[in-house]
Amino acid sequence: HGYIVSLITAEGQADQYISRIIERQMDGFFMTDFDFRFTREQYEHMNQHGVRFVIGEGSTFADDSNEGLPSSRIAINYTDAIRDMFMYLKDMGHRQVAYLSGNDENITEVRKKEYCRWVRELGFDEDPSLIILGEPPHSTLAQDGYRDMNKLLKQRPGIRAVFTLNDLMAIGAMKAIREAGLRVPEDISVVGCDDIYLSEAINPPLTTIHIPKFRIGNIAMELLLEMFEGAPFRSVSVHPELVIRDTV
């Protein structure tokens, strides 16, 4: 469509990014990261300068309210996939599932909310100590999963199933499990989320929740193109799916 695409990793002050977006005369942007929050006023300021935007899963204002914002949205509906994961774990004999978050407890995290929902509704152990939060400066890479899995093994040495925020954390968790002299899946089952390429390439291949990333990219651009033409804002939902491999 003749547009130039930039990828921005947001660090620092939000005002700096707003100035750059406006100065560079960007037509629009797809906001995906819940760790970097603009205020409502900042969004409205960009909108007044002709910038159109799509808000992705987890993105909120600094005040946790995004109602009435002039934007289109992409919602990732995890409900069915995470329910299916818990039903699968239940069928495999698990009744206690830990969660490696990697984030601060104040972060609005959709995957953790769905974890808590299905633990409660399906009768799993609701022990709060099964949720392992991250440590400052809070990231969700393989080394964070490794660190948090070691913490979990010390706190709950009898744990037999773990769900992680993403696949990278799951890969780090599996390393910690191996170093503890335990086996995946014979001693501890592990489920990730995202279905990145590495999740299928590692040994054993990771059971995970597939996020349709390519489709999300298509939708984001479609929504932006619609807004550039003056079409009404709209919301689109995508539905992840459980992918069963060899770690449960």
Exercise for the section: Give the residues of the stretch 199-240 that are in a strand (DSSP E or B) and surrounded by 14 or more Cβ atoms within 10 Å (Cβ to Cβ), sorted by residue number. Expected result: Thr207, Thr208, Ile209, His210, Val236, Val238
Practice task
State the number of residues belonging to the stretch 132-152 that are touching a helix residue (DSSP H, G or I) at 6+ places or on another chain (Cβ under 7 Å) and either of a type in the set (A, V, I, L, M) or under 20 Å from Tyr197 (Cβ atoms) (or both).
Solution key: 9
Problem - Residues of the stretch 72-130 that turn out to be assigned to a helix (DSSP H, G or I) and of a type in the set (Gly, Ala, Ser), as a count - result: 2
Practice task
Six or more apart or on different chains, Cβ under 7 Å: which pairs go from a residue in the stretch 41-60 that's small (Gly, Ala, Ser) to one that's at pLDDT 85 or above? Could you list them?
Solution key: Gly56/Phe30; Gly56/Ile74; Gly58/Val110
Exercise for the section: Select from the stretch 15-42 the residues that are open to solvent by 60 Å² or more (accessible area, probe 1.4 Å), part of a helix (DSSP H, G or I) and at pLDDT below 75 and list them in ascending order. Expected result: Asp15, Gln16
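Would it be correct to say that Leu165 is more than 18 Å from the chain's Cα centre (by Cα) and either touching a residue at least 12 places away in the same chain (Cβ under 8 Å) or surrounded by fewer than 13 Cβ atoms within 10 Å (Cβ to Cβ) (or both)?
Considered against the rule, which asks whether it is more than 18 Å from the chain's Cα centre (by Cα) and either touching a residue at least 12 places away in the same chain (Cβ under 8 Å) or surrounded by fewer than 13 Cβ atoms within 10 Å (Cβ to Cβ) (or both), Leu165 comes out as no.
The values are calculated or read from the model by the stated rules, or taken from the named source; none is laboratory data. Just so it is clear, the model here is predicted, and its values are computed rather than measured. Cβ atoms come from the backbone with ideal geometry, glycine included; neighbour counts cover every protein chain shown. Surface areas here come from the heavy atoms of the whole protein model, side chains and all, with no ligands, DNA or RNA. Shrake-Rupley method; radii C 1.70, N 1.55, O 1.52, S 1.80 Å.
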